[in-house]
1. Read phi for every residue in the range 615-626 and hand back ³J(HN,Hα) as whole Hz from Karplus 6.51 cos²θ - 1.76 cosθ + 1.60, θ = phi - 60°, with x for Gly and Pro.
2. When a/c is below 1.5 the answer is rounded, else prolate if a/b is larger than b/c, else oblate, so apply that to the range 332-414 with a ≥ b ≥ c taken from the square roots of the Cα gyration tensor eigenvalues.
3. Set the Förster radius R0 to 22 Å, insert the Cβ-Cβ distance between residue 678 and residue 618 as r into 1/(1 + (r/R0)^6), and round the FRET efficiency to 0.05.
4. Just the ratio, please: alpha-carbon radius of gyration of the range 91-161 over 2.2 N^0.38 Å, N its number of residues.
5. Over the Cα atoms of the range 87-243, what is the Rg over Rh ratio if Rh follows Kirkwood?
6. How much length would be gained if the chain were fully extended between residue 137 and residue 293, taking 0.36 nm per residue of separation minus their Cα-Cα distance, in nm to one decimal?
7. Between residue 155 and residue 88, what length in nm is gained on full extension when 0.36 nm per residue of separation is reduced by their alpha carbon distance?
8. Using the basic label-point model (7 angstrom from Cα toward the beta carbon), what is the residue 374 to residue 425 distance in nanometres?
Amino acid sequence: RGGARAQSGGKMASTAAGKQRIPKVAKVKNKAPAEVQITAEQLLREAKERELELLPPPPQQKITDVEELNDYKLRKRKTFEDNIRKNRTVISNWIKYAQWEESLKEIQRARSIYERALDVDYRNVTLWLKYAEMEMKNRQVNHARNIWDRAITTLPRVNQFWYKYTYMEEMLGNVAGSRQVFERWMEWQPEEQAWHSYINFELRYKEVDRARSIYERYILFTVLVLVHPDVKNWIKYARFEEKHSYFAHARKVYERAVEFFGEEHMDEHLYVAFAKFEENQKEFERVRVIYKYALDRIPKQDAQNLFKNYTIFEKKFGDRRGIEDIIVSKRRFQYEEEVKANPHNYDAWFDYLRLVESDTDAETVREVYERAIANVPPIQEKRHWKRYIYLWINYALYEELEAKASKRTRQVYQACLELLPHKKFTFAKMWLLYAQFEIRQKNLPLARRALGTSIGKCPKNKLFKGYIELELQLREFDRCRKLYEKFLEFAPENCTSWIKFAELETILGDIDRARAIYELAIGQPRLDMPEVLWKSYIDFEIEQEEYEKTRNLYRRLLQRTQHVKVWISFAQFELSAGREERLPRCRQIYEEANKAMRSCEEKEERVMLLESWRSFEDEFGTDATKERIDKLMPEKIKKRRKLQAEDGSDAGWEEYYDYIFPEDTANQPNLKLLAMAKLWKKQQQESEAAAVDPDKDIDESQT
């Protein structure tokens with residue numbers, strides 16, 4: 001080996017004098033692409049996943065001498081530097097590195113790391129905060145001041161720097177330095193809270209004059225620079241003066257605020273605060289002047305709080321009844337203007353009545369109600385009467401609940417019912433409310449007379465239902481039967497009424513009457529929901545365990561309609577009958593349904609039937625029956641048809657799915673043609689495969 005090394009060394013020395021030898025590049029023998037291709041994205045993803053793998057924790061290391069400590073520091077620093085080198089923009093890596101150096105009391109190194117991090121991202125707020133906190137924690141005050149100065153110079157709009165800086169100076173007892181920082185901050189015209197922090201700082205050291213000068217500068221900014229043109233700033237200034245017993249100054253601030261905002265930008269909060277200040281000074285006449293001045297100039301919709309405080313003030317220091325009368329009369333005047341402008345504005349009447357009910361006597365309320373109900377709608381159409389009728393309802397409820405006058409309540413109801421044009425329309429709620437009132441008065445005959453009159457004059461479904469419900473609560477079943485008879489004479493097409501009547505007879509135990517009612521119902525020439533009625537009748541017979549009658553019902557229903565859901569329901573009934581012959585009966589129903597639906601144009605319904613049949617055979621059938629139903633299943637094919645627009649022009653083609661049933665003999669030629677096309681396509685594919693491989697044996701290809 002030594003000789004070889006000497007020889008190679010000699011050759012290298014000889015060639016160094018001449019031309020420098022170019023190293024040989026390995027030649028790639030196989031340049032074909034690999035079977036499994038690996039992308040750069042996959043490599044990165046796998047590397048990231050391996051980073052997240054949970055590695056076993058390293059063993060605990062006990063450092064016994066300085067050499068091991070230096071070795072440990074070197075390894076950790078190399079790890080941190082590698083992390084920083086991988087991604088310089090991740091500030092958390094820099095912070096962890098600096099905090100680790102700080103934990104080792106390597107302040108100079110930590111400072112160097114923070115400075116390097118600031119070179120990368122000097123806009124990072126957290127980085128500045130951590131840097132300054134490190135210096136403050138290690139009592140490096142001058143370094144911390146330097147950092148805060150750099151931070152507020154670089155990022156002057158970050159309020160957190162200013163707060164931290166002023167707090168540090170104040171904690172160090174450097175009040176003048178903290179004030180100087182606040183002054184630098186105020187030059188940037190910060191937000192409102194910064195000014196208040198400066199004011200509170202001065203107040204902590206009993207510097208009231210300095211705080212007043214700051215307020216003046218703040219208000220000057222609001223007036224000239226319009227940084228914060230808000231009423232609450234003026235109010236805070238005035239309350240500051242009031243708190244320190246400078247009442248003349250406070251009044252002057254309020255007056256300046258009123259003058260500044262003028263009549264164009266009046267705000268009720270300013271006048272409320274001004275009035276409360278004068279109230280605390282026992283200047284009640286000044287308070288009234290302020291309130292009246294504001295109420296005369298501020299729009300009523302914007303002065304609700306002002307009006308409320310004025311009312312409270314008068315209740316405290318004025319004639320209570322007089323001021324309330326003034327307030328109510330003022331609002332009544334507004335409502336009077338509205339109802340004079342439009343007497344048929346029933347919403348205005350409702351608001352007016354709510355006002356007078358809350359603060360006046362019964363006679364005044366009755367007078368307003370009489371005036372309101374006198375405005376009868378001019379057109380006899382129900383939509384114009386819907387709001388008007390609630391005036392009568394509220395009038396009756398007021399007489400019953402508030403005035404406790406049952407006679408007047410009865411008169412109100414009767415007058416309203418006489419006013420309504422029952423030949424054109426009526427309001428069932430009015431009749432029912434009247435009847436319920438008479439029941440509350442324990443006058444049952446009058447209640448029945450009212451409901452009977454309503455059914456005679458203007459029968460409605462709601463009236464019949466309300467009357468029947470009343471008699472049911474009283475357990476008057478004979479009356480309920482008579483009412484149901486009248487109801488069904490009035491509306492024989494109402495399936496719900498037939499069902500409820502039959503259910504009543506079922507509850508009373510008269511099964512024959514219930515069955516007769518159902519028979520009468522299904523015999524009606526016109527029904528609104530016949531399917532619900534038939535289903536209720538069938539369920540009734542099933543509950544009575546009359547299976548033969550149920551079958552007869554299904555047969556009668558199938559004579560009227562051949563809907564697939566009826567057939568499926570019939571089959572499911574036979575399956576759930578619980579007899580030994582249930583499976584043959586159910587299969588027979590499916591057979592009949594399939595034969596009956598061959599002529600049905602809706603092929604989807606026939607497919608639905610076959611699907612239900614197949615699910616039945618899958619659960620209860622044999623292999624032969626399953627094979628038979630599989631043969632009956634249709635084939636789904638895609639077709640196209642021509643579309644026409646509304647004007648008759650060509651609108652293109654539309655694709656749709658059609659079903660071809662094996663049993664339909666009319667479709668057999670199409671099926672044969674389709675089978676021949678598939679066979680031809682298969683032969684074409686085989687011939688193309690034979691042409692691709694000509695060396696293949698001919699006999700084998702024929703085979």
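1. 5, 5, 5, 5, 8, 10, x, 9, 5, 5, 5, 5
2. Details: a/c = 2.34, a/b = 1.16, b/c = 2.02.
It comes out oblate by the Cα gyration axes.
3. Details: r = 29 Å, r/R0 = 1.30.
After rounding to 0.05, the efficiency reads 0.15.
4. Values: Rg = 11.3 Å, N = 71, 2.2 N^0.38 = 11.1 Å.
Against the empirical 2.2 N^0.38 Å value, I get 1.02 for the range 91-161.
5. Numbers: Rg = 18.7 Å, Rh = 17.3 Å.
Using only Cα positions, Rg/Rh for the range 87-243 is 1.08.
6. Values: separation 156, 0.36 × 156 = 56.16 nm, distance 5.94 nm.
Stretched out fully, the residue 137 to residue 293 stretch lengthens by 50.2 nm.
7. Additional length available on full extension: 22.0 nm.
8. 2.6 nm
The values are calculated or read from the model by the stated rules, or taken from the named source; none is laboratory data. Since we're looking at a predicted model, the values are computed, not measured. Counting neighbours? That spans all protein chains shown, and the Cβs are built from the backbone with ideal geometry, glycine included. Side chains are part of the model used for accessible areas, which takes the heavy atoms of the whole protein and leaves out ligands, DNA and RNA. Shrake-Rupley method; radii C 1.70, N 1.55, O 1.52, S 1.80 Å.
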